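This report refers to the structure that appears directly beneath it.
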Amino acid sequence: VEVVNLDDLLARSDFVSVHCPSNAETRGLIGAPQFARMKTTAYLINTARGNILDESALADALKNKSIAGAGLDVMVVEPLPASSPLFQCDNVLLTPHIGWKRAETRQRLLAGVAENIDAFFKGSPKNVVN
């Protein structure tokens, strides 16, 4: 693994998957200048927070084929307004931010909670945060 700056990462990557919190440093982190640095064959995936991307700049990059495509599970406004230019793009997959709502995911979550409670009462707690 080689650590590179964001500009190098964008220029080299076939897939860019965004996984960061929304804060003063990351809001608007990826906009028109960053899309211009990406390969025309690259895909952008955002499952972090909608405001990390400039959605208008993304729509432009998708329409102009500056990047190959995008997959978004989060948007600035949810649900995405019908007037969003992203709906005019044929190279974007849009899903509501509900990936965690699958029955299997909730079952795993509840099983983990039950295991943590059981372990706590047996004197060997798991996932302890101090």
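The values are calculated or read from the model by the stated rules, or taken from the named source; none is laboratory data. Just so you know, these numbers come straight off a predicted model, no measurement behind them. Glycine gets a Cβ as well: all are built from the backbone with ideal geometry, and neighbour counts include every protein chain shown. Accessible surface areas use protein heavy atoms only, side chains included; no ligands, DNA or RNA. Shrake-Rupley method; radii C 1.70, N 1.55, O 1.52, S 1.80 Å.
Measure off, as a whole percent, the carbon and sulfur share of the 1.4 Å-probe accessible area of the chain, all protein chains present.
57 percent
In square angstrom, what is the accessible area per residue of region 27-130 with a 1.4 angstrom probe?
Per residue, region 27-130 has an accessible area of 64 Å².
For n ≥ 4 DSSP H runs only, could you compute -39500 (n - 2.57) per run for the chain, divide by its residues and tell me the 222 nm figure to the nearest 500?
Result for the chain, helices only: -9500 deg cm²/dmol.
Got a sec? Charge dipole of the chain, +1 on Cβ for Lys and Arg, -1 for Asp and Glu; which of N127, N91, C20 is way out at the positive end?
Most positive-ward Cα: N127.
What is the local net charge at A111, summed over the other residues whose Cβ is closer than 11 Å to its Cβ (Lys, Arg +1; Asp, Glu -1)?
Cβ neighbours under 11 Å give a net charge of -1.
For region 79-119, rounded, prolate or oblate, judged on the Cα gyration tensor with a ≥ b ≥ c (square roots of eigenvalues), a/c < 1.5 rounded, else prolate if a/b > b/c?
prolate
Sort 73-86, 26-39, 45-58, 106-119 by the packing proxy (mean of other Cβ within 10 Å over each peptide's residues), most packed first.
Going by the mean number of other Cβ atoms within 10 Å, highest first, we get 45-58, 26-39, 73-86, 106-119.
Treat every Asp and Glu Cβ in region 2-126 as -1 and every Lys and Arg Cβ as +1, leave all other atoms uncharged, and give the resulting dipole magnitude about the Cα centre to the nearest 20 debye.
For region 2-126, the charge dipole is close to 300 debye.
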